[in-house]
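The values are calculated or read from the model by the stated rules, or taken from the named source; none is laboratory data. Every value quoted in this text rests on a predicted model; they were computed, and no experiment measured them. Please note: Cβ atoms are built from the backbone with ideal geometry, for glycine as well, and neighbour counts cover all protein chains shown. Each accessible area value is taken on the protein alone, full model and side chains, heavy atoms only, with ligands, DNA and RNA left out. Shrake-Rupley method; radii C 1.70, N 1.55, O 1.52, S 1.80 Å.
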Amino acid sequence: MRLRITEVEAYAGEADPGSHAYRGRTQRNASMFGPPGHAYVYFIYGMWFSLNLVCGPEGQASGVLVRAGEVLEGVEQARERRPKASKDTELAKGPARLATALAVDRELNGTDLCTRDPAAPLGLLGGTSEGPGPTAITRSGPRTGVGGDGAHFPWRFWLADDPTVSPYRAHKPRNRRTSLDAGPSTP
């Protein structure tokens, strides 16, 4: 399969309240602290995987979440993995959909994305002549679903007017019920 990346979000590790590495290194986020050019794959909401590209120096967590893309090769495989997508532009429109279309799962966490080994399960290549071309406009804005002190960073980047880019969703605080809110209990 081959995918053209159309939308990403940046995360600055321990300096960024929106980052998984904000509170330091854990077993879950350890690959974010690893060498640049490797994958950080995490499981979210108990259902979906997301793919990040580790991009900082080893020992300093930072990453770029791959939010959306256009499937250029392997469309049939992506359709099999994403049968509910009504159009090809929806196959990798959003981080969970992208990971599903590409069959990215936890097994790929820590994978070297810069290897030129054709047998590698996942890789990152430089741009080609395919795609929007030099006239494409890149936009930036706030990250999707990030609130609090991390909300003001305009670290979401996308190709303007590209139909594969996911919709922006502002952060919505969760309303968690406490035992005081739950009312009287019944035996």
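Below, the figures for the structure above:
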{"read-out": "Relative contact order for segment 31-153, counting Cα pairs under 8 Å that sit 6 or more residues apart, in percent", "value": "22 percent"}
{"read-out": "Heavy atoms of Asp149 accessible to a 1.4 Å probe, total area in Å² rounded to 10", "value": "110 Å²"}
{"read-out": "Approximate spin-label separation Leu124-Met1, in nm, with each point projected 7 Å along Cα-to-Cβ", "value": "1.8 nm"}
{"read-out": "Prolate/oblate/rounded label for segment 28-137 (Cα gyration tensor, a/c 1.5)", "value": "oblate"}
{"read-out": "Solvent-accessible surface ranking, highest first, for Lys172, Lys93 at 1.4 angstrom", "value": "Lys172, Lys93"}
{"read-out": "Rounded percent of accessible protein surface that carbon and sulfur make up, segment 45-113, 1.4 Å probe", "value": "47 percent"}
{"read-out": "Value at 222 nm in deg cm²/dmol, rounded to 500, when DSSP H runs of n ≥ 4 in the chain each add -39,500 (n - 2.57)", "value": "-2000 deg cm²/dmol"}
{"read-out": "Residue-normalised accessible area of segment 1-71, expressed per residue, 1.4 Å probe, Å²", "value": "45 Å²"}
